[in-house]
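Below is one structure, written out as structure tokens, with a few remarks after it.
Any read-out appearing in this document is the output of simple, stated calculations on the displayed coordinates, not a laboratory observation. Given the structure is predicted, the values throughout are model-derived calculations rather than measurements. Neighbour counts run over all protein chains shown; Cβ positions are idealised from the backbone, glycine included.
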Amino acid sequence: MIRALVLMLSLLTLGPAAAAADTTSLIAGVFNPPRLAPDFSLRGSDGAELELRRYRGKVVLLAFGYTSCTEVCPITLGILAQARKKLGAAADELQVIYITVDPDRDDAPHMRQYLSAFDRSFIGGTGAPPQLAAVRAEYGISVSKKMPAPGGYALAHSSYIYLIDRGGSLRALMPYGHSADDFAHDVRILLKQ
């Protein structure tokens, strides 16, 4: 929890309205100063080991969620897929990574099938509960079980997306509710740096 608090307090701003008109400033809340994003080693939905360092040279949008989610997660993934399309040819320089908060139901093949419905380039990450708990702790992601729900249970979890630059540094944090245009705007800025 202390790590999550420090991470959140390191944000310079979360005011999207102030930056919306500025084409050179990020809309998302900015980490000032940027710091190296914590790396991890998980099972990737593509069958390979998923390590953040594998995507150096690309901008990464890192999100946490689960495939049985019926509300926030599919909306978020749909918005990220739209943002990727808005980038046109530059879309190949963006990687969306989606780490599960529900390892009991989200194995790698299931995540691959689920994520491909949004965009075939999206990579999911799963692993043993202690592995995933360690990654969540590094990124300040909280999760709690809520019952009942279709499929047995639903989870409440943090729903923001980290923006990580080509060098692997945490640059910004985008809360839930932003548009594909906002994500595309910020990714374009990070791609130019």
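Some points to look at:
- DSSP finds beta bridges in region 79-193, and of those with both partners inside it, around 75 percent are antiparallel.
- Summing charges over all other residues whose Cβ lies under 9 Å from the Cβ of Gly168, with Lys and Arg as +1 and Asp and Glu as -1, gives +1.
- Counting only Cβ charges, +1 for Lys and Arg and -1 for Asp and Glu, the dipole size of region 63-178 around its Cα centre is about 180 debye.
- Residue-averaged 222 nm ellipticity for the chain, from DSSP H runs of 4+ at -39500 (n - 2.57), nearest 500: -9500 deg cm²/dmol
- Of all the options Gly125, Gly177, Gly44, the one that moves most in a Gaussian network model of the chain with Cα springs shorter than 10 angstrom is Gly177.
- Beta bridges assigned by DSSP with both partners in the chain are antiparallel in approximately 70 percent of cases.
- Farthest towards the positive end of the charge dipole of the chain, among the residues Gly168, Met111, Val72, is the Cα of Gly168, using unit charges on the Cβ of Lys, Arg, Asp and Glu.
- Over region 69-193, Cα pairs under 8 Å with separation of 6+ residues give a relative contact order of 25 percent.
- When peptides 179-187, 34-42 are sorted by average Cβ neighbour count within 10 Å, with the highest value leading, the order is 179-187, 34-42.
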